[in-house]
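Colleague: The structure's right below; bear with me while I get my questions together.
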Amino acid sequence: MKTYKLSKLSFGGTLLPILLLFLSACSNQEKPNDLSKKSGSAAKKYEIGTVTQKGLASEVKLPAELKPFEEVAIYPKVNGFVKNIYVDRGSKVKKGDLLITLEAPEIESQLQAAQSQYLQALEVSRASEDKYKRLKDASKEAGSVSLLDLDNALAKMKGDQATANGQRSNVNSVKNMQSYLTIRAPFDGVIVQRNVSAGALSGTSKNGQQPLLMIQHLQKLRLEVQIPEAYVEKVDLKKPVNVSLTAIPGLNLKKMISRSANSLGNMRSEAIEIDVQNDDLKLKPGMYGEVRIPLLSAAKSLLVPNHAIVRSTERQFVIKVLQGKAILTNIKVGLEGADSTEVFGNLNPGDQILLHATDEIKQGTKID
């Protein structure tokens with residue numbers, strides 16, 4: 001086995017300079033980097049974006065509900081017993097068809113009493129008229145009848161005639177009440193409720209009772225849509241709307257808007273109606289659907305990123321940056337897309353807003 005002398009190998013030849021260089025490097029202390037120095041520009045605390053303006057979508061989708069074109073709760077005008085009822089729930093009726101007859105014996109008695117009083121007043125009126133005519137004829141002979149007697153007879157005749165006319169009006173009034181015992185259909189429709197049977201005592205609506213019948217005109221329906229305030233002025237009334245119903249897949253209708261309320265309701269929206277023909281009664285009131293309403297092509301919308309909107313239980317707002325300070329600006333939202341949302345409020349295109357706003361930022365906060 002061969003043996004080597006390390007002392008000669010370590011310090012002999014070319015290895016000596018390398019070893020000296022290594023020892024010299026280890027003896028020097030390496031200075032650490034100074035991490036305390038700040039960069040030339042500090043990182044911004046808030047991210048700022050701008051409000052953009054783009055063309056509004058060509059249409060807006062809104063929920064709708066079918067309602068009967070006409071609907072009436074039928075109450076009796078007078079109290080009475082139900083004598084006969086000729087319809088039931090689901091019965092189709094025409095205007096003027098007989099629905100219910102009532103009976104009220106007291107009305108018959110009132111009619112007889114009124115007729116008797118009228119006949120009595122009529123006879124008195126005729127007698128007064130006859131007496132006046134005789135006095136007038138006799139007054140042609142000078143001195144036979146005084147002018148005072150003639151005037152009194154004329155006044156008596158007119159008074160008795162007025163009494164007779166009043167009694168005749170009373171008779172007509174009782175006859176009208178008697179006609180209320182017969183209830184007829186006010187329009188073509190379908191009976192959707194029946195709340196009474198023969199023999200029941202019926203009362204007027206003032207007594208808090210249920211209606212005898214409920215009738216709806218179903219051959220024609222109203223499709224009611226609530227237009228939010230933000231879109232009221234942007235609806236294109238000259239173009240048809242597309243209607244689809246949840247309960248009847250595949251049914252798509254194109255209809256024109258028939259009428260609008262021209263007033264905002266409690267929900268800050270305007271009700272519009274679309275007439276839908278329903279001759280086969282396939283559509284039912286209460287069905288829900290979706291209406292795609294065309295909007296004016298010239299309409300523009302203000303858009304902000306979705307994460308720029310702060311929502312709370314009390315309001316919705318964005319934080320506008322004005323002269324380096326936070327301005328909390330209330331908004332109402334419209335159409336919402338994947339990245340941006342249509343907003344309405346005290347905003348203008350190009351306004352600077354915070355992109356990741358929170359309700360922790362208060363009014364007037366300095367924005368770096």
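The values are calculated or read from the model by the stated rules, or taken from the named source; none is laboratory data. The structure displayed is predicted, hence computed values, not measured ones. Here the Cβ is made from the backbone with ideal geometry for all residues, glycine too, and neighbour counts use every protein chain on show.
Colleague: Can you pull out the residues in the stretch 335-368 that are among the aliphatic types (A, V, I, L, M) and in a strand (DSSP E or B)?
Modeller: Residues satisfying the conditions are Leu335, Val343, Ile353, Leu354.
Colleague: Test of understanding: among Val291, Val318, which residue is in contact with a helix residue (DSSP H, G or I) (Cβ under 6 Å, 6 or more places away or on another chain), crowded, with 19+ Cβ neighbours inside 10 Å and of a type in the set (A, V, I, L, M, F, W, C)?
Modeller: Result of the check over Val291, Val318: Val318.
Colleague: Also, I was wondering about something else. Just the residues that are at pLDDT 90 or above, of a type in the set (A, V, I, L, M, F, W, C) and not in a loop (DSSP other than H, G, I, E, B), please, taken from the stretch 199-223.
Modeller: Leu213, Met214, Ile215, Leu218, Leu221, Leu223
Colleague: Is it fair to say Leu328 is more than 30 Å from Met214 (Cα to Cα), under 23 Å from the mean Cα position of the chain (by Cα) and surrounded by 14 or more Cβ atoms within 10 Å (Cβ to Cβ)?
Modeller: Criteria not met by Leu328.
Colleague: Also: Considering (1) aliphatic (A, V, I, L, M); (2) crowded, with 18+ Cβ neighbours inside 10 Å; (3) modelled with pLDDT under 85, say which one Val304 fails and leave the rest.
Modeller: Just one mismatch for Val304, condition (3).
Colleague: Sticking with this structure for a sec: Would you pick out the residues in the stretch 256-301 that are aliphatic (A, V, I, L, M) and in contact with a Pro (Cβ under 7 Å, 6 or more places away or on another chain)?
Modeller: Met256
Colleague: Check whether at least one residue in the stretch 166-188 is surrounded by 15 or more Cβ atoms within 10 Å (Cβ to Cβ), in contact with a Ser or Thr (Cβ under 6 Å, 6 or more places away or on another chain) and in contact (Cβ under 8 Å) with a residue 40 or more places away in the chain, and report yes or no.
Modeller: No, the stretch 166-188 has no match at all.
Colleague: Okay, next question. Just checking, how many residues over the stretch 131-155 are modelled with pLDDT under 90 and not in a loop (DSSP other than H, G, I, E, B)?
Modeller: 16
Colleague: Taking the residues in the stretch 331-368 that are among the basic types (Lys, Arg) and surrounded by fewer than 13 Cβ atoms within 10 Å (Cβ to Cβ) as candidates, determine which candidate is nearest to Glu314 (Cα to Cα).
Modeller: Lys362
Colleague: Do we have Asn84 as at pLDDT 90 or above and not assigned by TED's automatic domain parsing to the domain that holds Pro240 here?
Modeller: Here the answer is yes, as Asn84 does meet what is asked.
Colleague: Let me ask something else. I need a count of the residues in the stretch 79-100 that are farther than 14 Å from Gly189 by Cβ, touching a Leu at 6+ places or on another chain (Cβ under 7 Å) and surrounded by 14 or more Cβ atoms within 10 Å (Cβ to Cβ).
Modeller: Number satisfying all stated conditions: 5.
Colleague: Further, regarding this structure: Would you mind stating whether Lys238 is of a type in the set (D, E, K, R), over 21 Å from Leu66 (Cα atoms) and assigned to a loop (DSSP other than H, G, I, E, B)?
Modeller: yes
Colleague: Report, ordered by the first and then the second residue, all pairs with beta carbons closer than 8 Å, sequence separation of six or more or different chains, a first member in the stretch 105-118 that is modelled with pLDDT of 85 or more, and a second member that is surrounded by 13 or more Cβ atoms within 10 Å (Cβ to Cβ) and among the hydroxyl-bearing types (Ser, Thr, Tyr).
Modeller: So the pair list comes out as Ala114/Ser173.
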